[in-house]
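What follows is one structure encoded as structure tokens, with my remarks underneath.
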Amino acid sequence: MVHQLETGLNYRDAHGKWQIASTTVEIIDSLAVGTRTGHRVTWKANPNQSKVFEFMGANGEYLSGSVVGIAYHDRNSDLTAILAETRDAAGFVEDGVSVSYVSAFDGLEADIRYSQMKAGFEQDVILREKPLPPEIYGMNGDSTFLEVWTEFFDTPDPHISEIPKNLGRGGEASGKDFLLKFGGYSMPLGKAFGIEPNGDPVSGDIAHPVSKQWLVIEGRRFLVESVPYRQVHSS
């Protein structure tokens, strides 16, 4: 007898019956929708608007947000440079389990991809070209981080707790990281890694930890995910 243990393996449907979970994403009323899990996620057709994704958890948790841009931040000088902002792009369902927006930024060739999971969903920003070096913006590459900013809407602030520093290649610290917990769901450790043209991870490449912060700026709420520039540049 074989027993399978996995978070989100089954879920209760609208009639209260247990069903086997599936990461299938479908198009319903012009939205990409994942409903065959304990949670529900919808994605809009264009990434350049508010509430591109809306997540409804099994216990009533609600999160909605949109990627708004990519930036550099020099933590020594506190200088910031906006590299790219989200622009209009046509979203499409890829392989039946993810939603992709190709060439989704002005200023940098990069895509946004969301993947449905049995116990949540993932958001990836895929760089198709290397950004200009921080020195172009008067920054020090050794103290500069590449950041992805996601704005959240109508989402309660998470419970935030600091976790030990992540160690990147060679053991260098990549800065503080925080565990963000929204009810029964949390944002785990992120990672950055090189990919082949077909989207597969580069064989033998090291996945670099991505730290995250939750910032409230003039009443607006942002998730900021960051990785040292030197680590991205070397991938």
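Inside segment 125-154, can you point out the residues that are among the β-branched types (Val, Ile, Thr) and more than 16 Å from the chain's Cα centre (by Cα)?
Applying the first criterion (among the β-branched types (Val, Ile, Thr)) to segment 125-154 yields 125-126, 136, 144, 148, 150.
Answer for segment 125-154, where residues must be among the β-branched types (Val, Ile, Thr) and more than 16 Å from the chain's Cα centre (by Cα): 136, 144.
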task: Specify which of the listed residues (109, 122) is exposed (fewer than 13 other Cβ atoms within 10 Å of the Cβ), at pLDDT 95 or above and either under 17 Å from the mean Cα position of the chain (by Cα) or not small (Gly, Ala, Ser) (or both).
output: 122
- request: Within segment 75-117, track down each residue that is farther than 14 Å from residue 148 by Cα and either in contact with a helix residue (DSSP H, G or I) (Cβ under 9 Å, 6 or more places away or on another chain) or of a type in the set (Val, Ile, Thr) (or both).
  value: 79, 93, 97, 99, 102
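Have a look at 93, 97, 68 and point out the one that is farther than 13 Å from residue 125 by Cβ, in contact with an Asp or Glu (Cβ under 8 Å, 6 or more places away or on another chain) and of a type in the set (A, V, I, L, M). Steps first, answer last, please.
Working: 97 fails: in contact with an Asp or Glu (Cβ under 8 Å, 6 or more places away or on another chain); 68 fails: farther than 13 Å from residue 125 by Cβ.
On inspection, the qualifying residue turns out to be 93.
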query: Out of (1) surrounded by fewer than 17 Cβ atoms within 10 Å (Cβ to Cβ); (2) at pLDDT 95 or above, what's the single condition that is false for residue 225?
result: (1)
statement: Within segment 37-84, of all residues that are under 17 Å from residue 119 (Cβ atoms) and β-branched (Val, Ile, Thr), the one farthest from the chain's Cα centre (by Cα) is 37
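If a residue counts only when it is farther than 23 Å from residue 231 by Cα and among the β-branched types (Val, Ile, Thr), which strands (runs of 3 or more DSSP E) contained entirely in segment 51-148 have at least 1 such residues?
Details: elements: 53-56, 62-74, 80-86, 91-94, 98-101, 110-117, 120-127.
The strands (runs of 3 or more DSSP E) meeting that bar are 80-86, 91-94, 98-101.
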Segment 1-35 - residue that is assigned to a loop (DSSP other than H, G, I, E, B) and of a type in the set (D, E, K, R) and, of those, modelled with the highest pLDDT: 29
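The values are calculated or read from the model by the stated rules, or taken from the named source; none is laboratory data. Remember, predicted model here, so these are calculated numbers, not experimental data. Because the Cβ atoms are built from the backbone with ideal geometry, glycine has one as well, and the counts that use them run over all protein chains shown.
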